[in-house]
Structure formats: structure tokens, C-alpha cells
Amino acid sequence: MPIRSVLIVDDSRTELMYLSEMLKRAGYHVSTAENAEDARRRIEQATPDLILMDVVMPGQNGFQFTRRLSRDPRYAQVPIIMCTSKNKETDRIWGMRQGARDYITKPVKEAELMSKIKALD
């Protein structure tokens, strides 16, 4: 299924704006959420084609929310790219074990993110 809509989940408004503008320039429909609970509501209203997931957030963190979504039959087919400042190899491995399809570290480089999205398309 081609990726047209992307949900960005990040508690940083700066990061939400930065990633939103980048994705909109590339032609994607973008929605945002500042935490897992907000993201859950948005996903239930309209399931995105891709989720960019921060890890460090208040409440449920990105690892936990990724695991929850990837084990839910309604959303298991939605690819998740972890998009985080956690840059250790153990973090990347843990994120992938939770169900993420890919992992990218901040600061996000546009070419790298677009390449990872295209690989899922």
C-alpha cells in the first residue's frame, strides 16, 4: 500500500513542526500527536499509512506504544519508524523488537528519512 498519510508522535512541538514541514513538502498528508494517548485517538479516527514514533515522551513511551500497536490486529500492518534521540545500538534493537520497521536518530536528515519511507512504500 503506498504511503500517503503520516502520523508523527513526538512531545516536542519544534520536532513536530520540523518533521511536518519536511513531509508536507514531499507530498504527504501529515497529522501530529504529542503523546501516546493523543496518538491512539487519532489512529482510531483515521488509521495512517505510516507512524513516526518518538521514544521519550510523558506517559506511555514510544517503545511501549509501538509494542501495543504492533500487537493490535487493527494496526499491526501500519509501519512504524522510531524517530528518536536515543542513538545506542541497544535502543535500535529494542525498538525493532517492539515492532518498529525502521529506526532513525535525531537530528533527522531529510534524505535519510525519505529513503526509509520509500523503502516501506
For this session: Just subtract the alpha-carbon distance of Arg74 and Arg97 from 0.36 nm times their residue separation and send over the number in nm, one decimal.
Result: 6.4 nm
Problem set entry | Relative contact order (percent, whole number), region 16-121, Cα cutoff 8 Å, 6+ residue spacing | 21
Seminar exercise, completed: Of the DSSP H helices in the chain, the ones reaching 15 Å or more along their long axis in Cα terms and averaging at least -0.5 in Kyte-Doolittle hydropathy are 110-120
Exercise. What number, rounded to the nearest 500 deg cm²/dmol, is the helix-based mean residue ellipticity at 222 nm of the chain, given -39500 (n - 2.57) per DSSP H run of at least four residues and division by all its residues?
Worked result: -13000 deg cm²/dmol
For this session: Identify, among Val9, Thr66, Ala36, the residue whose Cα sits farthest towards the positive end of the charge dipole of region 5-114, taking +1 on the Cβ of Lys and Arg and -1 on the Cβ of Asp and Glu, with the dipole about the Cα centre.
Result: Thr66
Seminar exercise, completed: For Lys88, the lysines lying under 22 Å Cα to Cα, once residues fewer than eight places off in the same chain are dropped, come out as Lys106, Lys109, Lys116
Exercise. Which length gain, in nm to one decimal place, applies between Glu110 and Gln45 when the Cα-Cα distance is subtracted from 0.36 nm times their residue separation?
Worked result: 20.6 nm
Problem set entry | Between region 8-23 and region 63-106, the Cα center-to-center distance that results, in Å | 17
Problem set entry | Linear extension gain, Asn87 paired with Leu120, 0.36 nm per residue minus alpha-carbon span | 9.7 nm
Seminar exercise, completed: Connecting every pair of Cα atoms under 10 Å apart in the chain and solving the GNM, the largest mean-square fluctuation among Arg97, Arg71, Arg25 falls on Arg25
For this session: Between beta-carbons, use under 12 Å as the cut-off and find the net charge around Ala76, counting Lys and Arg +1, Asp and Glu -1.
Result: +4
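We did not get these values from a lab; they are worked out from the coordinates using the rules stated. What you are looking at is a predicted structure, and each value in this text was computed from that prediction instead of being measured. Glycine gets a Cβ as well: all are built from the backbone with ideal geometry, and neighbour counts include every protein chain shown.
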